[in-house]
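Written out below as structure tokens is the structure these notes cover.
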Amino acid sequence: MNKYFICTLAIAFFPLLAFAQDDARTAREIEAIGKFDFWTVRIMDESAIIGGETSCLFEPAACNDTVTGRKVYVNPEGCLWRTSNVYADVLGVVKTSTSVFPEKRGDGYCARCEVVMEELKVLGLLNMDVAAQGSVFLGKVVEPIKDTKNPQGKLLFGVPFTGTPKAMQLDYKAIVGGEAVRATGLSRKKRLGYKDFADLVLMLQYRWEDEDGNVYAKRVGTAYERITESCTEWQNGHVVPVKYGDITSDPEYEPYMGLIEERLSNYTLNSRGESVPVHEVGWAEPGTRPNHLIIRFSSSYGEAFSGAIGNKLWIDNVKLVF
């Protein structure tokens, strides 16, 4: 065989091999930490002006660990999962919110996501209620959170990935269907007049960045299931198939599975290190290979600061199926 042909073949093949190895490692890390058997416990004192309570925040991990103090948490090597548990420092006032918890299951643990109502009291002068949705997702969190503006921008969804899985598999159970409320802490709690449910979501995107640092994406693949009925027994090995391309003509398509609305955009860090929205602008052409993977499990399908208080979603043993 001509040596130049061999060199050309090697140049073309080795990048694909590197991508395959990276994707395999990512899939292994998703599955290993997605057993939710190990957690980092973050022990933190809130500010004295709001009571000075000691609280615990939980993050999935490769081994059990404890972190004490008001410290920014960065995903450790090999851990792609984060939670919606919040460490906020607004004008020097430290407040935490915990809506995801480890829960004992057999010889190990699972993750329990809840919709909770957080109370904020300042020396008996101020009493605020804030609804917090529990979610577990692949990505990062911008810490500490400095304000309540643009809550979507604090959570960075997605990890690099070029694979094309057939499905997402997990164990789950749920308590859902309560009446949704909205509580931002800035106005009175408001009933929203609809029942709230839990979401199991996987999205594959092809993303790119323009010269101004704006990030865009096309949807390559979608696995989306809304849990609309409570089930208190574990649904083991539950499979949510990934459907590729434009799924709007699929018989099982629902509007919430569609392209992400601009006001609800996921966020990411651009090449300048800025948190920017990912503008999902269309469906990818058949055969398009993704470069990012989003997985998100949430106890509520509503927008930030809304949900049915008491909704719960338990998840365990998450993995990709190829």
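The values are calculated or read from the model by the stated rules, or taken from the named source; none is laboratory data. As the structure is a prediction and not an experimental result, all values here were calculated from the model. Here the Cβ positions follow ideal geometry from the backbone for every residue, glycine too, while neighbour counts run over all protein chains shown. Ligands, DNA and RNA are excluded from the accessible area calculation, which covers all protein heavy atoms including side chains. Shrake-Rupley method; radii C 1.70, N 1.55, O 1.52, S 1.80 Å.
Relative to the longest principal axis of the Cα atoms of the chain, the long axis of helix 3-33 makes an angle of roughly 20 degrees. Dipole orientation for the chain: of the candidates PRO241, VAL90, LEU155, VAL90 has the Cα lying most toward the positive pole (charges on Cβ; Lys, Arg +1; Asp, Glu -1). Strictly over 23 Å apart at the Cα level, which of LYS121/LYS312; LYS149/LYS189; LYS121/LYS190; LYS104/LYS312; LYS104/LYS189 would you flag in this model? With Cα atoms farther than 23 Å apart: LYS121/LYS312; LYS104/LYS189.
Rolling a 1.4 Å probe over the heavy atoms of the protein chains gives the chain an accessible area of 50 Å² per residue.
Taking trypsin sites (Lys or Arg not before Pro) across region 107-177, the ones in a DSSP loop with at most 15 further Cβ atoms lying within 10 angstrom of their Cβ are LYS146, LYS149, LYS166.
Take the convex hull of the alpha carbons in region 187-322; its mean projected area over all directions comes to 10.9 nm².
Computed from backbone phi with θ = phi - 60° and the Karplus coefficients 6.51, -1.76 and 1.60, the 3J(HN,Hα) list for region 270-275 is 7, 5, 8, x, 9, 7 Hz; x is used for glycine and proline.
Using just its DSSP H runs of length 4 or more, each adding -39500 (n - 2.57), the chain gives a mean residue ellipticity at 222 nm of -3500 deg cm²/dmol after division by all residues. Dividing the Cα radius of gyration of region 134-198 by its Kirkwood radius returns 1.05 for Rg/Rh. In a reduced charge model with +1 at each Lys and Arg Cβ and -1 at each Asp and Glu Cβ, region 190-282 shows a dipole moment near 220 debye about its Cα centre.
Rounded to the nearest 20 debye, the dipole size of the chain about its Cα centre is 160 debye, using +1 on the Cβ of Lys and Arg and -1 on the Cβ of Asp and Glu. For region 142-258, the Kirkwood estimate of hydrodynamic radius, built from reciprocal distances between every pair of different alpha carbons, is 17.5 Å. If the segment from GLU103 to ARG289 were pulled out straight at 0.36 nm per residue, it would be longer than the present Cα-Cα gap by 63.3 nm.
Counted by Cβ distance under 9 Å from TYR256, the other residues give a net charge of -1, where Lys and Arg count +1 and Asp and Glu count -1. Note on region 34-146: the alpha carbon radius of gyration divided by the globular reference 2.2 N^0.38 Å gives 1.08. Within the straight-line cut-off of under 16 Å between alpha carbons, the aspartates and glutamates reachable from LYS243 are GLU225, GLU252, GLU254, GLU285, sequence neighbours fewer than 8 places apart in one chain being disregarded.
Multiplying the residue separation of GLU262 and ASN214 by 0.36 nm and subtracting their alpha-carbon distance yields 16.0 nm. For region 115-176, the Cβ-based charge dipole about the Cα centre amounts to some 240 debye (Lys, Arg positive; Asp, Glu negative; other atoms uncharged). Computed 3J(HN,Hα) for region 258-268, one whole-Hz value per residue from the Karplus formula 6.51 cos²θ - 1.76 cosθ + 1.60 where θ = phi - 60°, is x, 4, 5, 4, 4, 5, 10, 3, 5, 10, 8, glycine and proline marked x.
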